[in-house]
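One structure is given here, and the rest of the page talks about it.
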Amino acid sequence: MPDNYDVLIVGGGPAGLAAAQAAAAQGARTLVLERQNEIGYPVHTSGGSWISDMKALSIPDHLYHPISKVVFVSPHREFALNYNPAVACVVDVRGLYQYLASRAIAAGAAVRVRHTVDQVLMEEGCVTGVTVKNHVSERSSIHAAVTIDASGFSRHIGVRTDMGKAFRRYGYGAEYDLYAPNYPQDVVYLIMGSAYAPQGYAWAFPRGNGRVRLGVGVIHPDSEDDARSYLDRIMHELPQLSDKFKGASPVEYHTGLFPAERPVERFSHAGLLLAGDAGAHGSTLVGEGIRFAIYSGLMAGNVAAEALKAGDTSASFLERFDKQWRHRFGRDMDISYMINKHIASYSDEQWDSAFDLLKRLTPAQMAQAMRGEYSASLVMGIIARNPLMVATGGKRFLDLMLERINKPALLPAEG
């Protein structure tokens, strides 16, 4: 098969497939390399997302399940928010990824599964492709004008080209995908506290047809606890869920890693872009990555195609991807990270106190906060609904949020 491409994408997840669609749609000869046997498996994410983003990204509605109620549970508190119409959803992860692959292929991209990258090819400091081992262990070299690292948490290309070290702070998640005939299919549970999710949170995400994803995420090295050990405890011992999981049994088991750091300093290098988790483009607030990966991939694919048309794949040209991404997402991601660092070490008493404040927010305010769409009006609304915060440390933290909201989004070298 041909071994020269315009755009080479390492990783067949949402970022890589979106990048492939965007680049191929502009006429770039595009190839995606996926190391697994199939697109979308194994599953490494719970699939929580937002209906407005699925619509904006033209994702068919049969690939996501709407959620109309969210129940928050802390050690000694509980409150619920109802949404009509629904705003949140749980995606069919495997179905979504394969749909994104079909869009990329329809646009003209090629996909190769069971292809593992060995080495990065470079000439005079510019990335020019990779060496790869295929499904029958044959090794070959694939050259491209632009390579996009969309390999997720592992960042196979980024770490080999000195674009940031391996992630040191990360969320580790473990999850059952259960058939649970007694679980209400329109209700999400989010659980905090040391008994079930130390230094993180637990979730129950229904995805339709009696299926539910029950998971736990723990941030390392903030905590050394093993997320896997909490799954059965939540399923059988948490009072709010024990009856809902009566007669339930897992049919799948998933694990995954998610960067719990700020985005890497640079997403671009001569001949190379980083997209999705490879650049830490997800929200650390709740460990949400899918929609951000798709947006990031589309941006990266478009910039790669623009570079080809301009005949310029230098770092200075490709840096426009950094600027576009930070202009759209940088400020909110910085604030999400600040919040994550603030709440990750909460004690049970602090979670109970936080819930006393959060339950005063409107459903719309809570949805905006969880989406990571921060604004001065949101912060002022939170303060208005929680006047006691003026006399506490919480007001000081919100003042820091306001200060960050009012700062321009800059590249790290500029800020």
Helix axis angle, 93-107 relative to the chain longest principal axis, alpha carbon, degrees: 30
Spatially proximal aspartates and glutamates relative to K246 (Cα-Cα < 14 Å; intrachain offsets below 8 disregarded): D232, E237
Over 27 Å (Cα to Cα) - which of K55/K309; K69/K244; K133/K165; K244/K359; K323/K407; K55/K341 fall in this group: K55/K309; K55/K341
Vicinal HN-Hα couplings computed from phi for region 367-375 (Karplus, 6.51 cos²θ - 1.76 cosθ + 1.60; Hz; Gly/Pro x): 4, 4, 5, 5, 6, x, 10, 8, 8
The chain - percent relative contact order, Cα under 8 Å, separation 6 or more: 19
Note, ³J(HN,Hα) from phi for region 353-360, Karplus 6.51, -1.76, 1.60, rounded to Hz, x at Gly and Pro: 5, 4, 5, 4, 7, 5, 5, 7
Residue with peak Gaussian network fluctuation, the chain [Cα springs, cutoff 10 Å], from R207, R35, R139: R139
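Could you rank K133, K309 by how accessible they are, 1.4 Å probe, largest area first?
Details: K133 65, K309 140 Å².
So the residues, ranked largest to smallest area, are K309, K133.
Can you give me the % of accessible surface on the chain that is carbon or sulfur? Probe 1.4 Å, all protein chains present, nothing else counted. Spell out each step's value before the answer.
Details: 8830 of 17490 Å².
The nonpolar share, carbon plus sulfur, comes to 51 percent.
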Cα-based helix-to-principal-axis angle, 290-310 vs the chain, degrees rounded to 10: 20
Using θ = phi - 60° and Karplus 6.51 cos²θ - 1.76 cosθ + 1.60, couplings along region 248-255 (whole Hz; Gly, Pro as x): 8, 8, x, 10, 9, 9, 10, 9
Contact order normalised by residue count of region 1-95, Cα under 8 Å, 6+ apart, percent: 26
Principal-axis tilt of helix 331-343 within the chain, Cα atoms, nearest 10 degrees: 50
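Can you put C126, C89 in order of accessible area, largest first, using a 1.4 Å probe?
Numbers: C126 30, C89 5 Å².
The most accessible residue leads, giving C126, C89.
Per 0.36 nm of contour for each residue apart, how much would the distance between F397 and Q119 grow if the chain were fully extended, relative to their Cα-Cα spacing?
On the way: separation 278, 0.36 × 278 = 100.08 nm, distance 4.49 nm.
Roughly 95.6 nm would be gained on extension.
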Distance (nanometres) between label positions extended 7 Å along Cα→Cβ at H342 and L357: 0.6
K407 - accessible surface, heavy atoms, 1.4 Å probe, Å² rounded to 10: 100
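For the chain, what is the accessible area per residue in Å², given a 1.4 Å probe and the full set of protein chains?
Details: 17490 Å² over 415 residues.
Ligands and nucleic acids excluded, the result is 42 Å² per residue.
The values are calculated or read from the model by the stated rules, or taken from the named source; none is laboratory data. Computed from a predicted structure; not experimentally measured. In this analysis, Cβ positions are derived from the backbone assuming ideal geometry, glycine residues included, and neighbour counts consider all displayed protein chains. Accessible surface is based on the protein model in full, side chains and every heavy atom, while ligands, DNA and RNA are left aside. Shrake-Rupley method; radii C 1.70, N 1.55, O 1.52, S 1.80 Å.
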